[in-house]
1. Within the range 61-75, can you find the residues that are in a strand (DSSP E or B), touching a Phe, Trp or Tyr at 6+ places or on another chain (Cβ under 9 Å) and under 13 Å from Thr51 (Cα atoms)?
2. When you go through (1) among the aliphatic types (A, V, I, L, M); (2) under 17 Å from Lys80 (Cα atoms); (3) outside any strand (DSSP E or B) one by one for Leu31, which number turns out not to apply?
3. Starting from the range 29-44, take each residue that is without any contact (Cβ under 8 Å) to a residue 60 or more places away in the chain and list its partners that are of a type in the set (Asp, Glu) and not in a loop (DSSP other than H, G, I, E, B), counting only C-beta distances under 6 angstrom and pairs at least six apart or across chains.
4. Could you go through the range 79-97 and let me know if any residue there is of a type in the set (Val, Ile, Thr), exposed (fewer than 12 other Cβ atoms within 10 Å of the Cβ) and modelled with pLDDT of 85 or more.
5. Is it the case that Thr46 is at pLDDT 95 or above, surrounded by 14 or more Cβ atoms within 10 Å (Cβ to Cβ) and more than 16 Å from Asp9 (Cβ to Cβ)?
6. I'd like to verify a number: residues in the range 7-38 that are at pLDDT 95 or above, of a type in the set (Val, Ile, Thr) and touching a Ser or Thr at 6+ places or on another chain (Cβ under 6 Å), how many?
7. Collect the residues in the range 1-28 that are part of a loop (DSSP other than H, G, I, E, B), within 22 Å of Gly71 (Cβ to Cβ) and not β-branched (Val, Ile, Thr), keeping them in residue-number order.
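The values are calculated or read from the model by the stated rules, or taken from the named source; none is laboratory data. These numbers were taken from a predicted model, which means no experiment stands behind them. Cβ sites come from the backbone with ideal geometry, for glycine too, and all protein chains shown count toward neighbours.
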Amino acid sequence: MTKDIVLIDWIDATYDIDGWQQKDDDANYNLDPIHIQSVGFLVGQTAEYITLLQTLAEDEGFMNRFTIPQGCIKKVTTLKKGNGKLNYEEPTKKAASNNLKIKK
């Protein structure tokens, strides 16, 4: 995969966090789904799902892999085209000087 960085707009299931409830005349059994936006490296795509990595290391190690069913996806936007490699660059002096200083 090219490891494009993508933004996915999708819907997820929702649920009640309350315990038992009583049906009254005005009760509505419907719950609206939750609208979600996720950003990550696109590493897998089939007719059924898309898989993202939220964290990718220079040596191809990764964390936070997750899969979103295609039926839940409303829109995929490519934020940055990948070339199959992690585009790691040494920080410049200017960029390094912009890092937060930790006070001791």
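1. Correct list: Phe62, Thr67, Ile68, Pro69, Ile73.
2. Unmet for Leu31, out of (1) among the aliphatic types (A, V, I, L, M); (2) under 17 Å from Lys80 (Cα atoms); (3) outside any strand (DSSP E or B): (2).
3. From the range 29-44, the pairs are Ile34/Asp12; Ile36/Asp12; Gln37/Asp9.
4. Keep residues of the range 79-97 that are of a type in the set (Val, Ile, Thr), which gives 92.
From the residues that got through so far, the ones that are exposed (fewer than 12 other Cβ atoms within 10 Å of the Cβ) too are 92.
From what's left, modelled with pLDDT of 85 or more: none.
Checking the range 79-97: not a single residue is of a type in the set (Val, Ile, Thr), exposed (fewer than 12 other Cβ atoms within 10 Å of the Cβ) and modelled with pLDDT of 85 or more.
5. Values: at pLDDT 95 or above: yes; surrounded by 14 or more Cβ atoms within 10 Å (Cβ to Cβ): no; more than 16 Å from Asp9 (Cβ to Cβ): yes.
Here the answer is no, as Thr46 does not meet what is asked.
6. Looking only at that region, the number is 1.
7. At the first step, the residues of the range 1-28 found to be part of a loop (DSSP other than H, G, I, E, B) are 1-4, 13-28.
Within this subset, residues satisfying the condition of being within 22 Å of Gly71 (Cβ to Cβ) are 1, 4, 13-15.
Those that are part of a loop (DSSP other than H, G, I, E, B), within 22 Å of Gly71 (Cβ to Cβ) and not β-branched (Val, Ile, Thr): Met1, Asp4, Ala13, Tyr15.
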